[in-house]
1. Is it the case, given these coordinates, that D65 is among the acidic types (D, E), part of a helix (DSSP H, G or I) and over 10 Å from the mean Cα position of the chain (by Cα)?
2. Can you tell me how many residues within segment 68-96 are more than 23 Å from R27 (Cβ to Cβ) and part of a helix (DSSP H, G or I)?
3. I want to confirm something. Restricting to segment 18-62 and keeping residues that are within 11 Å of the chain's Cα centre (by Cα) and in a loop (DSSP other than H, G, I, E, B), which single residue is surrounded by the fewest Cβ atoms within 10 Å (Cβ to Cβ)?
4. Does A14 qualify as being assigned to a helix (DSSP H, G or I) and either surrounded by 12 or more Cβ atoms within 10 Å (Cβ to Cβ) or at pLDDT 95 or above (or both)?
Amino acid sequence: KKITAPGQLNSHYAPQAKVRLDAKHWRPDEARLGFGAVDCDLNLSLSADLVEAAANLFAHLHRLDAEGKATIAVSPIPQTGLGLAINDRLNRAAVPR
């Protein structure tokens, strides 16, 4: 399939850090991107609002990436509604480069 837009590339949304998805436990050396009521470095939405999470996704990934840690661990995001699109972006961010 021919690529016609950067968003079609698997790694288009990828930060420099590796991205670990569905993290239920944090490792001390990771930047922590949360969703809902979790202790983390940055939270996509404390109230688990998928619209808020989608709006914050790229800025939060880039802020955590700028911290220079090797890995960004991401809390699980529901696989329903807008969560499907958020997970698509996160899966692209997690593609090895």
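1. yes
2. So the count comes out to 5.
3. Only one residue fits best here, namely D22.
4. The answer is no for A14.
The values are calculated or read from the model by the stated rules, or taken from the named source; none is laboratory data. Everything numeric in this text was worked out from a predicted model, so none of it was measured. Cβ coordinates were reconstructed from backbone atoms using ideal geometry, including for glycine residues, and neighbour counts include every protein chain displayed.
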